[in-house]
1. Scanning the range 173-183 for residues that are surrounded by 24 or more Cβ atoms within 10 Å (Cβ to Cβ) and closer than 20 Å to Tyr92 by Cα, which turns out modelled with the lowest pLDDT?
2. State all residues of the range 92-113 that are out of contact with any Gly (no Cβ under 6 Å at 6 or more places or on another chain), surrounded by 13 or more Cβ atoms within 10 Å (Cβ to Cβ) and within 21 Å of Val180 (Cα to Cα); if no residue qualifies, say none.
3. Of all residues in the range 68-126, how many are under 15 Å from Arg186 (Cα atoms), in contact (Cβ under 8 Å) with a residue 12 or more places away in the chain and either in a strand (DSSP E or B) or not polar (S, T, N, Q) (or both)?
4. I'd like to check something: does the range 156-172 contain any residue that is more than 13 Å from the chain's Cα centre (by Cα) and touching a residue at least 60 places away in the same chain (Cβ under 8 Å)?
5. In this structure, does Glu124 turn out to be open to solvent by 30 Å² or more (accessible area, probe 1.4 Å) and acidic (Asp, Glu)?
6. Go through the range 90-146 and give me each residue that's of a type in the set (Asp, Glu) and over 18 Å from the mean Cα position of the chain (by Cα).
7. Any chance you could count how many residues in the range 143-172 are open to solvent by 30 Å² or more (accessible area, probe 1.4 Å) and in a loop (DSSP other than H, G, I, E, B)?
8. Taking the range 173-209, which residues are more than 15 Å from Ser120 (Cβ to Cβ), of a type in the set (Lys, Arg) and over 11 Å from the mean Cα position of the chain (by Cα)?
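The values are calculated or read from the model by the stated rules, or taken from the named source; none is laboratory data. Note that this is a predicted model, so its numbers are computed, not measured. When we count neighbours, we look across all protein chains shown, and the Cβ atoms used for this are built from the backbone with ideal geometry, even at glycine. Just the protein is used for accessible areas: all its heavy atoms, side chains included, with ligands, DNA and RNA removed. Shrake-Rupley method; radii C 1.70, N 1.55, O 1.52, S 1.80 Å.
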Amino acid sequence: MRRFVPALAGLVCAVTAWAAPAAAYEIDPLTRQPLDQPLAVTVRSAAPAAAADPLDASVPKLSPIPRETVAYSGPYGAGTIVVSTAERRLYYVLGNGQALRYGVGVGRPGFAWNGVQSISMKREWPDWRPPAQMIRRRPDLPRYMKGGPENPLGARAMYLGGSLYRIHGSNEPETIGTAVSSGCIRMTNDDVMDLYTRAKVGTKVIVQR
């Protein structure tokens, strides 16, 4: 069983949500102990997704929120990414009244944000260097982790402007649809690789609360 590295993934975007009718409690990603404030979460039944990457079959491929094409009547044009942190969904606008909708994990209370950014850089199996702010909060973190299946950033990362935020993958798909990241938008590896093929450097990203 993975021990230390999955805990690191929790610092980027992680929470354990129990599929129960009552409110679920946010779980501290390092201690795995409930925090004080309940977080109401509904977890959908898992549905199989296509193989994400032939390089590593061990990366989890299931998502509790299937990717789907939906009707879209918003004001943004084709090729725009719209993130609804309230819904915990990401929309990639296709045009002609349609968008691809993905489940995402978003910032926990105190780390939520909104605004307009653009994709400034894209990386496959990115390395992880925790920012200084995160190191101050968790001085025990490694200063560098090489990209790979155990890396908290997952299979792909799209960097948002000059900010600390990214749209990135995850090796903990059960956390999608929850709110515990430090502000990053996290997706399953399968979904982030699909979005990665569609979004280009310069793509506008609208983050709404």
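1. Ranking the candidates gives Pro173 first.
2. Of the residues in the range 92-113, the ones out of contact with any Gly (no Cβ under 6 Å at 6 or more places or on another chain) are 92-102, 104-106, 108-110, 112.
Subset that is surrounded by 13 or more Cβ atoms within 10 Å (Cβ to Cβ): 92-94, 98-102, 104-106, 108, 112.
Arg101, Tyr102, Val104, Gly105, Val106, Arg108, Ala112, listed by residue number.
3. Going through the range 68-126 one residue at a time, the tally reaches 27.
4. Within the range 156-172, not a single residue is more than 13 Å from the chain's Cα centre (by Cα) and touching a residue at least 60 places away in the same chain (Cβ under 8 Å).
5. Working: open to solvent by 30 Å² or more (accessible area, probe 1.4 Å): yes; acidic (Asp, Glu): yes.
In short, yes.
6. Asp140
7. Final tally of qualifying residues: 9.
8. Arg198, Arg209
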